[in-house]
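The values are calculated or read from the model by the stated rules, or taken from the named source; none is laboratory data. As the structure is a prediction and not an experimental result, all values here were calculated from the model. Glycine also receives a Cβ, built like all others from the backbone with ideal geometry; neighbour counts cover every protein chain displayed.
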Amino acid sequence: MAWLALQLTDSLLTLGFVLMTAAIPKALFMLFGGALSDRYSLKRLMIISNIARAAIAAGISILVFYEAIALWHLYLVALLVGVADSLFQPALMTAIPSLLEKNKLEAGNTLVRGAMQASTLIGSAPAGLLISAVGIAATFGIDALFFLLAAIVLWLMAEVMSSVSTSDDVVSRAMHRSRSGVLGDIKDGLGYAWRRPAIRALFITVSVIHLSFVGPFIVGLAALVNSYFTGGATDFGIIRSCFGGGSLLGVIIAGLVVIKRRGLLLSVITTALGVSLLLISLAQDVVLASLLAGLIGIGNGLFNIISFTWLQKTISPHMLGRMMGLIHSSALILAPISYVLTGAIAEINPSLVFIVAGIPVLLITIYLVTVKDIRQLT
């Protein structure tokens, strides 16, 4: 999508608007996707999402092939993809506890998150080669086929998911539906999260971390490399790869190690993330920046697995979809703000970006330590 937008308009500003068109609806509709996950079949929601994304990709492929693609198509596609994604993510994260016993959730989340990290880490280069080899139209066509394949796999899993997601879960979800509809479900979910100190603290922490990392690790890092490093785009790519590799390693570690004292570990990880951000502001070469990016990636991977697994174990089954939608939404909705703030600060001083980003993370650590329910997490 990003490459197509650039090829069509040759404008970075337009690219930014297209990506924002996908991000904002995705963040807002994630709440609805979570509420729907608590009302309807998770399998069906994921199948519908994959079929919708397959149709969108096929549509782009046809438009590009016949050279009929226009800018407004990209905005429409970005909006539709955001909505389709908002159905899939909460349903996926809600389905994991339905398929696995509680003592296997870390391993399950590791497989899912690890696959996501690995595909992001190693998928970009093959995608670029595919575009170069067969063109954008054929690439989107292949993308559509993979979405259809995912829908077929989910359909074949119907018997497994039906047997694990017992009738008790279905009855429980039906009994707890708000009479005022999906909006009422969302309101109930927000109240549920706010009334529970540990859940509220984790959601606030995830939001602060996302705000402090999304913009700085894209816009801020690019500005830092461009201002102080000699390797240019190569250095930027190396640092980003170290972050991606570190995130994958952190996810794997979380799945292999028996984790105790989760609350204490989350506070330690958050502290390490804040300190590492501050240290990046001092980096004058790619070696130190890459090392710190790798450490931040490890912390990020660990934090995600530990926090998501605890939430899946703790939250009432009839609320799980809404909580998964809320935690994704609270992170995504801050991304545009993070980009704008980072760009403004980077104009003053690129190093200042990471100082400003690190301070809120350290402050949120102090907040985590003061929450009794977080300290007692096991």
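Testing PHE65 on (1) in contact with a Leu (Cβ under 9 Å, 6 or more places away or on another chain); (2) aromatic (Phe, Trp, Tyr); (3) more than 22 Å from LYS313 (Cα to Cα), one condition comes back false. Which one is that?
Every listed condition holds for PHE65 apart from (1).
Could you tell me whether segment 250-268 includes any residue that is over 23 Å from LEU377 (Cβ atoms) and over 21 Å from the mean Cα position of the chain (by Cα)?
Kept after step one, since they are over 23 Å from LEU377 (Cβ atoms), are these residues of segment 250-268: none.
No, segment 250-268 contains no residue that is over 23 Å from LEU377 (Cβ atoms) and over 21 Å from the mean Cα position of the chain (by Cα).
Tell me, yes or no, whether segment 52-61 has at least one residue that is assigned by TED's automatic domain parsing to the domain that holds SER98, under 30 Å from ASP188 (Cβ atoms) and buried (at least 19 other Cβ atoms within 10 Å of the Cβ).
Yes - at least one qualifying residue is present in segment 52-61.
Taking only pairs six or more apart or across chains, which ones have beta-carbon atoms under 8 Å, a first residue in segment 24-42 that is under 13 Å from PHE88 (Cβ atoms), and a second residue that is in a loop (DSSP other than H, G, I, E, B)?
Listed by first residue and then by second, the contacts come to LEU42/SER165.
Whether any residue in segment 210-217 is in the same structural domain as LEU352 (by TED's automatic domain parsing), among the hydrophobic types (A, V, I, L, M, F, W, C) and surrounded by fewer than 19 Cβ atoms within 10 Å (Cβ to Cβ) is what I want to check.
Applying the first criterion (in the same structural domain as LEU352 (by TED's automatic domain parsing)) to segment 210-217 yields 210-217.
Subset that is among the hydrophobic types (A, V, I, L, M, F, W, C): 211, 213-214, 217.
Retained after the next criterion (residues that are surrounded by fewer than 19 Cβ atoms within 10 Å (Cβ to Cβ)): none.
No, segment 210-217 contains no residue that is in the same structural domain as LEU352 (by TED's automatic domain parsing), among the hydrophobic types (A, V, I, L, M, F, W, C) and surrounded by fewer than 19 Cβ atoms within 10 Å (Cβ to Cβ).
Inside segment 333-355, can you point out the residues that are of a type outside the set (Gly, Ala, Ser) and surrounded by fewer than 20 Cβ atoms within 10 Å (Cβ to Cβ)?
To start, the set of residues in segment 333-355 that are of a type outside the set (Gly, Ala, Ser) comprises 333-334, 336-337, 339-342, 345, 347-350, 352-355.
Those that are of a type outside the set (Gly, Ala, Ser) and surrounded by fewer than 20 Cβ atoms within 10 Å (Cβ to Cβ): ILE333, PRO336, ILE337, VAL340, GLU347, ILE348, ASN349, LEU352, ILE355.
Among the candidates LEU105, LEU79, LEU31, LEU63, single out the residue that is farther than 25 Å from LEU311 by Cα, among the hydrophobic types (A, V, I, L, M, F, W, C) and in contact with a Ser or Thr (Cβ under 8 Å, 6 or more places away or on another chain).
On the way: LEU105 fails: farther than 25 Å from LEU311 by Cα; LEU31 fails: farther than 25 Å from LEU311 by Cα; LEU63 fails: in contact with a Ser or Thr (Cβ under 8 Å, 6 or more places away or on another chain).
Among LEU105, LEU79, LEU31, LEU63, only LEU79 is farther than 25 Å from LEU311 by Cα, among the hydrophobic types (A, V, I, L, M, F, W, C) and in contact with a Ser or Thr (Cβ under 8 Å, 6 or more places away or on another chain).
Mind listing whichever residues of segment 182-229 are outside any helix (DSSP H, G or I) and either among the small types (Gly, Ala, Ser) or without any contact (Cβ under 8 Å) to a residue 40 or more places away in the chain (or both)? Spell out the reasoning first.
To start, the set of residues in segment 182-229 that are outside any helix (DSSP H, G or I) comprises 195-196, 214-215, 229.
Result: ARG195, GLY215.
Determine whether segment 275-285 contains at least one residue that is among the hydrophobic types (A, V, I, L, M, F, W, C), in a helix (DSSP H, G or I) and over 16 Å from SER212 (Cβ atoms). Show your work before the answer.
The initial filter retains those residues of segment 275-285 that are among the hydrophobic types (A, V, I, L, M, F, W, C), namely 275, 277-280, 282-283.
Applying the additional criterion that residues be in a helix (DSSP H, G or I) yields 275, 277-280.
Now narrow it down to the ones that are over 16 Å from SER212 (Cβ atoms): none.
No: segment 275-285 contains no residue that is among the hydrophobic types (A, V, I, L, M, F, W, C), in a helix (DSSP H, G or I) and over 16 Å from SER212 (Cβ atoms).
Determine whether segment 332-343 contains at least one residue that is in contact with a His (Cβ under 6 Å, 6 or more places away or on another chain) and over 21 Å from ASP373 (Cβ atoms).
Taking segment 332-343 as the starting set, the residues that turn out to be in contact with a His (Cβ under 6 Å, 6 or more places away or on another chain) are 334.
Keeping just the survivors that are over 21 Å from ASP373 (Cβ atoms) gives 334.
Among the residues of segment 332-343, at least one is in contact with a His (Cβ under 6 Å, 6 or more places away or on another chain) and over 21 Å from ASP373 (Cβ atoms), which makes the answer yes.
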